[in-house]
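The values are calculated or read from the model by the stated rules, or taken from the named source; none is laboratory data. Owing to the predicted nature of the structure, the values given are computational and were not obtained by experimental measurement. Don't worry about glycine lacking a Cβ; one is built from the backbone with ideal geometry, like all the others, and counts go over all protein chains shown. Accessible surface is based on the protein model in full, side chains and every heavy atom, while ligands, DNA and RNA are left aside. Shrake-Rupley method; radii C 1.70, N 1.55, O 1.52, S 1.80 Å.
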Amino acid sequence: MAGRYDKNPFDEEEEEVNPFADTTARGKAPGQSKFGGGLFSTRTASVPPASNSRLSPLPPEPAGFSYEREATVDIPLDTASGGSRNQDLKKKEKELQAKEAELRRREQEVRRKEEAVARAGVVLEEKNWPPFFPIIHHDIANEIPIHLQRLQYVAFSTYLGLVLCLLWNIIAVTTAWIKGEGVRIWFLAIIFFLAGVPGAYVLWYRPLYRAFRNESALRFGWFFLFYLLHIAFCIFAAVAPPIVFRGKSLTGILPAVDLVGGNALVGIFYFIGFGLFCLESVVSIWVIQQVYMYFRGSGKAAELKREAARGAMRAAL
């Protein structure tokens, strides 16, 4: 079915009225076109009303629209899991408090034992040397009087020198054994090392350390006795007379001269050992001389004390 505006707008039979035209000019002569007036006529074609648009009008805005804040929605929490979590935290806190109380009790017990040992006059010596594998207690800087520290360090160097001499003795004797001197001298070199290193520490170095720390006359006497034996052994090893297995178990001057003609490498090793034993003997003689002077209370010892006191005063100022 045809709509209201489905007719041809250029149809001459029906006239449309221009709403903007003058009302007096609406009547026209018969046979005159509705576009009369020629090219410059002011009459225009009519525009279809807006109701003819195919687009649907926008829906009206709701009158109740507002910018009020929407009501918040409460989300219930899981009270059961929260309660169990709080109980776990309280339990862990109680466990930590119990452990802390136990550690505090043990610390107080250890402190009481240390105080009791200190009152009894017993000195606890913690092993701290060598640093990579502590086997002995050694703290010259904190336990030896300042005027004796230099002498104690030199005495310690003679102990380390003895260790070096006996270790090099094993190397040289092993070389001589490989060159055909027999295995007995090698076993003797091992015995010298295993007996000499711990024996020197126990018999003369530790007594000297404690004598300087506590001013004990008994320990001084113990040191003098065994340090003299130490010096005698070093002099004997430097010479190495042919008493025990031709003397080749020690790197002295006599076996060095005997071996250098047959094998130059073995002879050189023995000459190096001879030099080490000579150096050890000379330094050890100086140490026992200084210790004896201090023990006898000579003017040198008093001078060392005065120098140490002056140095401490200058450091304090």
Stretched fully, the stretch from Arg104 through Ala316 gains (0.36 nm per residue minus C-alpha distance, one decimal, in nm) 72.5 nm
In the range 145-314 the accessible area split gives carbon plus sulfur, as whole percent at 1.4 Å, a share of 71
Per residue, the convex hull enclosing the alpha carbons of the range 140-210 has a volume in Å³ of 70
Sorted by chain and number, the residues with a modelled amide H under 5 Å from that of Trp129, at a separation of 5 or more or across chains, are Ile135, Ile136, His138
Computed over the range 145-314, protein heavy atoms only, probe 1.4 angstrom, the accessible area per residue in square angstrom equals 51
Packing-ranked peptide list from 138-146, 252-260, highest mean Cβ count within 10 angstrom first, is 252-260, 138-146
Binned at 10 Å starting from 0, the alpha-carbon pair-distance distribution of the range 198-275 in whole percents comes out as 20, 33, 21, 18, 7, 1
So, over other residues within a Cβ distance under 13 Å of Arg219, counting Lys, Arg +1 and Asp, Glu -1, the net charge is +2
Whole-Hz Karplus couplings 3J(HN,Hα) for the range 223-233, θ = phi - 60° and coefficients 6.51, -1.76, 1.60, Gly and Pro as x, run 5, 4, 4, 7, 6, 5, 5, 4, 5, 4, 5
Taking max minus min of the Cα coordinates of the range 145-314 on each principal axis, largest first, gives extents in Å of 62, 28, 21
Pseudo-spin-label distance Glu95 to Ile170, built 7 Å along Cα→Cβ, given in nm, is 5.1
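Quick check: residue separation of Lys113 and Leu203 times 0.36 nm, minus the Cα distance between them. What number comes out in nm?
Values: separation 90, 0.36 × 90 = 32.40 nm, distance 3.05 nm.
Net length gain for the segment: 29.3 nm.
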Once both label points are put 7 Å beyond Cα along the C-beta direction, the Ile243-Tyr292 separation in nm becomes 2.2
